[in-house]
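Undergrad: The structure follows.
The values are calculated or read from the model by the stated rules, or taken from the named source; none is laboratory data. Keep in mind that this is a model prediction, so the values were computed, not measured. Here the Cβ positions follow ideal geometry from the backbone for every residue, glycine too, while neighbour counts run over all protein chains shown.
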Amino acid sequence: MVEPSGDTTSVPTDADDRPRILLAESIERRLQDIEARWLERVEQEIAGSARQVSATDLRDAVAEYLRRLAQALRGGGSIESGGASAWADVAREHAVTRVRLGFDVDQLIREFILLRRVLFEVAREERVITDGVQSERLADLFDAAIAAAVKSYTESRDHAARRVQAEHIGFLTHELRNPLATATLAAGRLRRKSELVAAESETLNMLDRSLTRLRGHIDAMLMTQRLDAREVECRPIDTCLGAIMPDATKAAELEASQKGIEFAVRYDPEIELHIDPGLTTSALQNVVDNAVKFTDRGRVDVVADNLVDKAIIHVYDNCDGLADEEIKTIFEPFKRAHSGKAGTGLGLAIARRAVEAQGGEIGAESGAAGGCHFWLTLPKPPH
């Protein structure tokens, strides 16, 4: 005997079916009329603005949404979730167009309100809405669709803003790389002099170190913006942890030795992963380097847990600790802990974006007695 689930909203009753099907048929039959009425009202609303928008751009994806809406009304399941799913895979296209046209989110919502009014008008003309219950359900369906569209609009708007910012940063870094390359070339020529006094040699060493740091800052800034704008393609492959961990921890191990702190790495090199090796190495290196940089005494430990569907890399350090507010922003670009140490605040921002681009997660916590625990998850091959 199968027990009832207790959710009676997921399957429509016979009394619900008929009005929904009639409304779906009306939408399909009068789709062009609905679209034309809606388009006319939207054009009237923006007529007083300075925007020059074509009818093609305005009606973008609306007809397809109406078709999906009719399918949702014909099918079973919750009418609210049906409306949201009907719109979900076309909302992004519509939202991208609205961002490109310079529409704000209020205008986007207003478009849906106008479409809802037109649909109610047609439903009354067709006499397929006969009571308040059906009216409320149609209104709820549109509310779900509006929520999905606003979410897509916000994501598209933010993505567009990040892309523009990345373009500006890309131009700036390109302009910086030209004089950097010239300075590096000039330093190399000076170093090839037949005779260099000690002072000149030390000056060139200082110059080389400064140029290397500058190059690193430029590359980090460019990588952060490219990851933000989703311009870095993630290419995961099946590999093992032993193929990436040595490269990711090599620099930190050397730095720890020079600072006189203990550095230990414990993991099973045979742990299987499904990752982009370059992005993962970058993420791990930035987290581990950060731990060593901010630990002046004690130790840094890197430990790997092997779970069924993922691996978790833990990095424990003995830094002075982070406040709760710092934990909230530590993975954002140019946000740095108040330690007084030099740095751009880009390392952990790159790590977060590199991990999330692969479907993983990254986080941090700090105890009252000091020290930090960073962790990041890496996906395993699907089985």
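Undergrad: If the Cβ limit is 8 Å and pairs must be 6+ apart or interchain, which residue in region 279-296 that is more than 14 Å from Gly360 (Cα to Cα) and in the same structural domain as Glu361 (by TED's automatic domain parsing) pairs with which residue that is assigned to a helix (DSSP H, G or I) and among the acidic types (Asp, Glu)?
TA: Sorted first by the residue in region 279-296, then by its partner, the pairs are Gln285/Asp247; Asp289/Glu255; Val292/Glu255; Lys293/Glu255.
Undergrad: Only one residue in Ser49, Ser54, Ser81 is modelled with pLDDT under 70, surrounded by 12 or more Cβ atoms within 10 Å (Cβ to Cβ) and over 19 Å from Leu22 (Cβ atoms), so which one is that?
TA: Ser81 is the lone residue from the list that is modelled with pLDDT under 70, surrounded by 12 or more Cβ atoms within 10 Å (Cβ to Cβ) and over 19 Å from Leu22 (Cβ atoms).
Undergrad: Another question, if that's okay. Name the single residue that is nearest to the chain's Cα centre (by Cα) among those in region 109-138 being at pLDDT 75 or above, aliphatic (A, V, I, L, M) and part of a helix (DSSP H, G or I). Lay out the reasoning, then the answer.
TA: Going through region 109-138, the residues at pLDDT 75 or above turn out to be 109-128.
Cutting the leftovers down to aliphatic (A, V, I, L, M) gives us 109, 113-115, 118-119, 122-123, 128.
Those still in the list that are part of a helix (DSSP H, G or I) too: 109, 113-115, 118-119, 122-123.
On the way: Ile109: 24, Ile113: 29, Leu114: 32, Leu115: 31, Val118: 36, Leu119: 35, Val122: 40, Ala123: 40 Å.
Here the residue is Ile109.
Undergrad: Would you confirm whether any residue within region 227-241 is in a helix (DSSP H, G or I), in the same structural domain as Cys372 (by TED's automatic domain parsing) and at pLDDT 90 or above?
TA: Within region 227-241, one or more residues are in a helix (DSSP H, G or I), in the same structural domain as Cys372 (by TED's automatic domain parsing) and at pLDDT 90 or above.
Undergrad: A further question follows. Looking at Asn290, Asn306, Asn318, can you tell me which residue is surrounded by 22 or more Cβ atoms within 10 Å (Cβ to Cβ) and either polar (S, T, N, Q) or at pLDDT 95 or above (or both)? It would help to see each step written out before you state the result.
TA: Values: Asn306 fails: surrounded by 22 or more Cβ atoms within 10 Å (Cβ to Cβ); Asn318 fails: surrounded by 22 or more Cβ atoms within 10 Å (Cβ to Cβ).
None of the others qualify; the one that does is Asn290.
Undergrad: So is Arg68 surrounded by 13 or more Cβ atoms within 10 Å (Cβ to Cβ), at pLDDT 70 or above and farther than 15 Å from Leu119 by Cα or not?
TA: Spelling it out, it is not the case that Arg68 is surrounded by 13 or more Cβ atoms within 10 Å (Cβ to Cβ), at pLDDT 70 or above and farther than 15 Å from Leu119 by Cα.
Undergrad: Another question, if that's okay. Here is a check on your reading of the model: is Leu141 of a type outside the set (Phe, Trp, Tyr), modelled with pLDDT of 70 or more, in a helix (DSSP H, G or I) and surrounded by 12 or more Cβ atoms within 10 Å (Cβ to Cβ)? Walk me through how you get there before you give the answer.
TA: On the way: of a type outside the set (Phe, Trp, Tyr): yes; modelled with pLDDT of 70 or more: no; in a helix (DSSP H, G or I): yes; surrounded by 12 or more Cβ atoms within 10 Å (Cβ to Cβ): yes.
Judged against the criteria, Leu141 is not a match.
Undergrad: Give Arg18, Arg29 a once-over and let me know the one that is at pLDDT 85 or above and not hydrophobic (A, V, I, L, M, F, W, C). Before you say what the answer is, go through the steps one by one.
TA: On the way: Arg18 fails: at pLDDT 85 or above.
Sole residue among the options that is at pLDDT 85 or above and not hydrophobic (A, V, I, L, M, F, W, C): Arg29.
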